[in-house]
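These notes are about the structure you will find just below.
Since every read-out is calculated from the coordinates, none of them should be taken as a lab result. The structure presented is a predicted model; accordingly, all values stated were derived computationally and were not measured. For neighbour counting, all protein chains shown are included, and Cβ atoms are generated from backbone atoms with ideal geometry for every residue, glycine included.
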Amino acid sequence: MINQKEYDVIIIGGSYAGLSAAMALGRALRKVLIIDGGNRCNKQTPHSHNFLTQDGKTPKEISELAKSQVVSYDTISFLTDIAIKGEKKANGFEITTQNGSIFQGRKLIFGTGVKDLMPNIEGFAECWGISVIHCPYCHGYEVRHQKTGLFANGDIAYEFGKLLWNWTKDLTIYTNGKSDLSVEQTKTLASRNISIVEKEIVKIDHENGQIQALIFLDGSVQKLDALYAKIPFIQHSDIPKSLGCEINEMGMLKVDMIQKTSVDGVFAAGDSTNLMRSVANAVYGGNMAGAAVSKELIAEDFETA
């Protein structure tokens, strides 16, 4: 039961970035409320990688251990709920949740991440994070040298294809329709034995999220071990935008070096702020945001003491 209504900091999103920020603030003796709905974007991913000391652990293992450590600080409270509204007030911010609770905080930190927009392809969502993957630094080692596809088009397909060539030389780009790659890009890719398939994909054949083959509109089938995908996304929470936080051209919340947004008193970290979507990066950003918010609060209290 959460009885307190006023906090130094309200953190919206209690995954890796939010928990990391909370730990920094708890250790600075700050009263913190974490509001989280429990919908992590990597909930389907079987293992997390490229995070020192946690390599190969499941995302659930990492987050549960993190939460247990964070809530051991007696000034930190955790609420399972969804923040649906935020307003600027004279002394900070007011947050309303889906269950009707209202809380006040002097500062806000958003660790709300992004929501991936799945294409209308049968089986895609079921494979997302398992064998349809987004990052070679997170997953590339596990599928190295395997028969690999890239679901992308245009310049991003070219640049990402160049990157993936490091992990596998058995690579095909699937543009899911007419290719937007230039003639020069196509020739360069072909010279590296990277082919381009323009046929429309209608289904991913899989077993419990492990891709077996792509099935095309013309009925043809292509066996595959892994498929990288660059798909669109939106901010998971619209509260930062409603508060006036600037969003950059890539759809990310714009933050400075200390994770501060364009709105005074509002900070953000994790996937909502950076295309480097990894657990390690989220933990770093959250730690920086927590420390920066703590410093602001200390300065304000010192000046008014």
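Odds and ends about this structure:
- Under Karplus coefficients 6.51, -1.76 and 1.60, residue-wise ³J(HN,Hα) of segment 185-197 in Hz, glycine/proline x: 4, 4, 5, 4, 4, 4, 5, 9, 6, 9, 8, 10, 10
- Long-range amide H partners of K147 with built H, under 5 Å: D225
- Other-chain or far-sequence residues with amide H under 5 Å of I133's (modelled H): L227, Y228, A229
- With θ taken as phi - 60° and the Karplus curve 6.51 cos²θ - 1.76 cosθ + 1.60 applied, the whole-hertz 3J(HN,Hα) list for segment 72-87 is 6, 7, 6, 9, 10, 10, 10, 10, 7, 6, 10, 6, 10, 8, x, 9 Hz, x standing for glycine and proline.
- Taking the helices alone, the chain has a mean residue ellipticity at 222 nm of -8000 deg cm²/dmol, built from -39,500 (n - 2.57) per DSSP H run of at least 4 residues and averaged over all its residues.
- Fraction of C-alpha pairs exceeding 14 angstrom in segment 134-197: 50 percent, rounded to a whole number.
- Only Cα pairs under 8 Å and 6+ residues apart enter the sum, and on that basis the relative contact order of the chain stands at 22 percent.
- Cross-link reach is defined here as a Cα-Cα straight distance under 17 Å, omitting same-chain residues fewer than 8 places apart; for K203 the aspartates and glutamates meeting it are E122, E126, D218, D225.
- Average projected area [Cα convex hull, the chain], square nanometres: 17.1 nm²
- Between helix 16-26 and the chain: long-axis angle, C-alpha atoms, 0 to 90°, nearest 10: 20 degrees
- Selected from I298, G105, W165, residue furthest toward positive end of dipole (the chain; charges at beta carbon): W165
- Under 5 Å from the amide H of F267 lie the amide H atoms of L108, I109, F110, T261, each residue being 5 or more positions distant or on a separate chain, with H modelled from the backbone and absent for Pro and chain starts.
- Charge dipole of the chain about the Cα centre (unit charges at C-beta), most positive-ward option of I239, Y141, I215: Y141
- Using alpha-carbon coordinates, inclination of helix 154-164 to the longest axis of the chain, degrees: 90 degrees
- Rounded to the nearest 10 degrees, the angle from helix 59-70 to the longest Cα principal axis of the chain is 10 degrees.
- For I62, I204, order by how many other beta-carbon atoms lie within 10 Å, fewest first: I62, I204
- For segment 23-99, with +1 on Lys and Arg beta carbons and -1 on Asp and Glu, the positive-most of V32, G86, I76 along the dipole: G86
- Cβ charges +1 (Lys, Arg) and -1 (Asp, Glu), total dipole of segment 124-229, debye: 300 debye
- Segment 124-229, relative contact order in percent, only Cα pairs under 8 angstrom and at least six apart counted: 34 percent
- Each Lys and Arg Cβ is given +1 and each Asp and Glu Cβ -1; about its Cα centre, the chain then shows a dipole of about 280 debye.
- Order of Y158, Y141, Y174 under a 10 Å beta carbon neighbour criterion, fewest first: Y141, Y158, Y174
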